[in-house]
1. Count, please, the residues in region 123-156 that happen to be under 20 Å from the mean Cα position of the chain (by Cα) and touching a residue at least 24 places away in the same chain (Cβ under 8 Å).
2. Looking at region 223-232, which of its residues are out of contact with any strand residue (DSSP E or B) (no Cβ under 6 Å at 6 or more places or on another chain) and in contact (Cβ under 8 Å) with a residue 12 or more places away in the chain?
3. Does region 154-166 hold any residues that are hydrophobic (A, V, I, L, M, F, W, C), open to solvent by less than 30 Å² (accessible area, probe 1.4 Å) and part of a helix (DSSP H, G or I), and which are they?
4. Which of the residues spanning region 118-150 are open to solvent by 40 Å² or more (accessible area, probe 1.4 Å), more than 30 Å from Leu96 (Cα to Cα) and of a type outside the set (Val, Ile, Thr)?
5. Checking Ala38 against (1) at pLDDT 95 or above; (2) open to solvent by less than 50 Å² (accessible area, probe 1.4 Å), which test does it fail?
6. Please go through region 193-218 and give me each residue that is outside any loop (DSSP other than H, G, I, E, B) and open to solvent by less than 60 Å² (accessible area, probe 1.4 Å), ordered by number.
7. Under 8 Å between Cβ atoms, at least 6 apart or on separate chains: pull out the pairs that start in region 101-115 with a residue that is at negative phi and end on any residue that is in a loop (DSSP other than H, G, I, E, B) and exposed (fewer than 10 other Cβ atoms within 10 Å of the Cβ).
8. Would you say Gln56 is at pLDDT 95 or above, on the phi > 0 side of the Ramachandran plot and not hydrophobic (A, V, I, L, M, F, W, C)?
Amino acid sequence: MQRQKDNLNRVSYPPTHTVSDMRKRSFSRKINVLAMTAINVPMALLQEVKDDRLEQSLVAMSVAIKCFSPSSTYIFVNERKFRRDFQMGYTKSKKLLDSIFKGHPLFEVKQLADGRTVFVARSFKRLYGYWMTLRTGETSLAMSVAKMDCRSRGNIRIAEIEKEIQLLLFLTNINAKTRADELQAKGLPLTGSSSHAARTVLSVNYLAKATSRSARTVVRRSRSAREQGIISVTPHPLVRCCNNLLHDDLHPCPSGLIPIGLFGFTRQCNDYQLLSWDWRRRFQHIIYRHKGRMTFNIYVSKDKPLSQTDLHAMYD
């Protein structure tokens with residue numbers, strides 16, 4: 001680790017200048033950013049499966065196989081070993097195996113020459129990537145993704161991957177809203193998904209519909225994410241807007257009010273904020289041939305330390 005740090009901070013100076021001379025000048029250096037150990041899962045795929053528990057488990061299985069082997073392959077020996085390798089119960093393993101053997105599009109089943117069966121988790125990039133034209137006129141494959149943790153063998157649990165999928169579906173709405181608000185605050189034009197996110201009100205009912213879960217589940221997930229330090233939640237106070245909920249026995253006041261005694265109250269929806277750049281960087285639009293994403297130069301002077309803005313630019 002110390003050797004890696006030394007390599008990051010090492011700068012090669014031209015022989016015609018002394019070190020003291022160079023310290024007085026601004027210089028450019030290339031920062032070696034260690035790649036995040038993650039699986040790039042298309043957001044389009046997560047949105048497709050949010051209403052179907054089995055399909056969501058199959059996405060989790062695909063991610064699990066990619067974690068299990070760098071070549072995205074798994075040699076199937078028997079159902080018992082399959083359950084043990086991915087730490088799941090009999091019922092779930094049977095449902096997953098039935099779908100895989102029937103030819104689910106996320107997987108390919110191959111027979112080796114020695115008779116063994118191999119599951120191949122197909123490339124998300126090939127299935128969900130799309131071609132776009134860069135400013136230079138070149139074309140590049142692109143994909144909007146959520147980055148999921150790449151687990152080590154022996155630590156792969158399908159249930160935990162499913163929970164992470166649900167958490168990312170919840171957080172992507174908060175992230176989109178935050179980015180749209182930042183663009184709006186800078187006076188930049190909003191188009192497409194940013195325009196939609198800027199108009200979105202992150203109510204409990206909206207988040208429940210966006211994640212295909214109940215309102216109670218959204219409240220529990222929000223509380224859990226706050227306790228883990230992933231998000232902050234800012235509640236707003238109650239505002240009294242009705243002094244008598246019942247005009248008479250036959251004509252109640254309009255619905256949507258929060259009743260406390262005979263008074264009716266309203267309250268603005270909570271404000272949510274992702275607390276860490278690490279979580280914000282989990283949601284990316286990847287352009288695979290974009291030079292700025294493959295190499296990034298940062299100009300550093302002795303009076304200006306490396307800022308979070310600079311670090312964010314390397315990932316965003």
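1. Residues flagged as under 20 Å from the mean Cα position of the chain (by Cα) and touching a residue at least 24 places away in the same chain (Cβ under 8 Å) within region 123-156 amount to 19.
2. Of the residues in region 223-232, the ones out of contact with any strand residue (DSSP E or B) (no Cβ under 6 Å at 6 or more places or on another chain) are 223-224, 227-230.
If the condition is that a residue be out of contact with any strand residue (DSSP E or B) (no Cβ under 6 Å at 6 or more places or on another chain) and in contact (Cβ under 8 Å) with a residue 12 or more places away in the chain, then Gly229, Ile230 are the ones that fit.
3. Step one: filter region 154-166 for residues hydrophobic (A, V, I, L, M, F, W, C), giving 156, 158-159, 161, 165.
The next check asks that each one be open to solvent by less than 30 Å² (accessible area, probe 1.4 Å); those that pass are 156, 158, 161, 165.
Residues satisfying the conditions are Ile158, Ile161, Ile165.
4. Listed by number, the residues that qualify are Trp131, Met132, Arg135, Gly137, Glu138.
5. (1)
6. Residues of region 193-218 that are outside any loop (DSSP other than H, G, I, E, B), as a first pass: 193-199, 204-211, 215-218.
The answer is Ser194, Ser195, Ala197, Ala198, Val204, Leu207, Ala208, Ala210, Thr211, Ala215, Thr217, Val218.
7. Val109/Gly103
8. Numbers: at pLDDT 95 or above: yes; on the phi > 0 side of the Ramachandran plot: no; not hydrophobic (A, V, I, L, M, F, W, C): yes.
The answer is no for Gln56.
The values are calculated or read from the model by the stated rules, or taken from the named source; none is laboratory data. Just so it is clear, the structure is predicted and the values come from calculations on it, not from any experiment. A quick note on method: Cβ atoms are made from the backbone with ideal geometry, for glycine too, and the neighbour counts reach across all protein chains shown. The accessibility values were calculated without ligands, DNA or RNA, using every heavy atom of the protein model including side chains. Shrake-Rupley method; radii C 1.70, N 1.55, O 1.52, S 1.80 Å.
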